[in-house]
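The block underneath contains the structure these notes are about, expressed in structure tokens.
The values are calculated or read from the model by the stated rules, or taken from the named source; none is laboratory data. In this text the structure is predicted, and so the values were computed from the model without any measurement. Here the Cβ positions follow ideal geometry from the backbone for every residue, glycine too, while neighbour counts run over all protein chains shown.
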């Protein structure tokens, strides 16, 4: 593979992508596409500015592959800055098609090209100022701002869980 | 200078990252190993750890000189020993083989339904911290795909506080602590009855 270099990455999942991951919940949401090289401060600067406008009610962060952790991080930081946001998290697979061409391209003919199909996990997180349906899978209510630490075991509801502070 | 990471008090739910899904390695060790490899840039929003922290040759940082590796046993001692709350908790890490963790989840899901035979849908919770978020999502989606629609997934996210302890080599200085945040995901995989 060292003779090939990646020419482009195509998203072959376009038919599922065109309506957007949260078309049913928030058709007019601000969409933030998080890539692997995105800078968190840039993303959050833009997102915070848009969310400060009262007209913007929802925002969606989506990322796939290596950007998933960054997406979750962005969402968590934004939730810290703006309290009272309702969250819905959706997981799915996205199929990508990478096209690799031989390097250096031989003169004349363009050379062989490889097409690689990858199925990468993707996450889409919707944050909304308005209340959402709690019955949605992946729904998470806004945190009631406890002692400022990380969230405690939110699914710790049975008696087997030790007492939380 | 070396860094040890321990869970802060506010992090009680996740200190069992070393629990059932690993073969003895704690997530803190993997966190350290990850930082040595990847550097601070991938952490949750905090880029305060300079690369010098990861160096083993004792580069200076801030006011401290070469600091001793806060020996492993300190790491382990401070791990709160709360095991996974319930048998249907799975903590995903990057050290254990992916297939092994997937097989473990599958066994839990099948065993939970057939073994007990009581009413109610068996469900499992998959937890992932930091780099393991990706793997946790992968496991959950694989479980769903291989179940032919019998399983549903629901994910929640949270932030976990981690505390790094910097112990000075020379014993003249106080140990420093640094807190940073990391993202975590909790995925609930549950069986639904097809309508």
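Determine, yes or no, whether residue A:110 is out of contact with any strand residue (DSSP E or B) (no Cβ under 8 Å at 6 or more places or on another chain) and either at pLDDT below 80 or more than 9 Å from chain B (Cβ to nearest Cβ) (or both). Against the criterion (out of contact with any strand residue (DSSP E or B) (no Cβ under 8 Å at 6 or more places or on another chain) and either at pLDDT below 80 or more than 9 Å from chain B (Cβ to nearest Cβ) (or both)), residue A:110 does not qualify. Inside region B:90-124, residues that are surrounded by 15 or more Cβ atoms within 10 Å (Cβ to Cβ), at pLDDT 90 or above and in a helix (DSSP H, G or I) make up a count of 2. Within region A:48-55, not a single residue is closer than 26 Å to residue B:152 by Cα and in contact with a strand residue (DSSP E or B) (Cβ under 9 Å, 6 or more places away or on another chain).
Considering the conditions (1) within 14 Å of chain B (Cβ to nearest Cβ); (2) under 30 Å from residue B:143 (Cβ atoms), residue A:29 is excluded by exactly one of them, (1). Residues being at pLDDT 65 or above, within 26 Å of residue B:145 (Cα to Cα) and either over 19 Å from the mean Cα position of the chain (by Cα) or surrounded by 12 or more Cβ atoms within 10 Å (Cβ to Cβ) (or both) are represented in region A:139-146 by at least one member.
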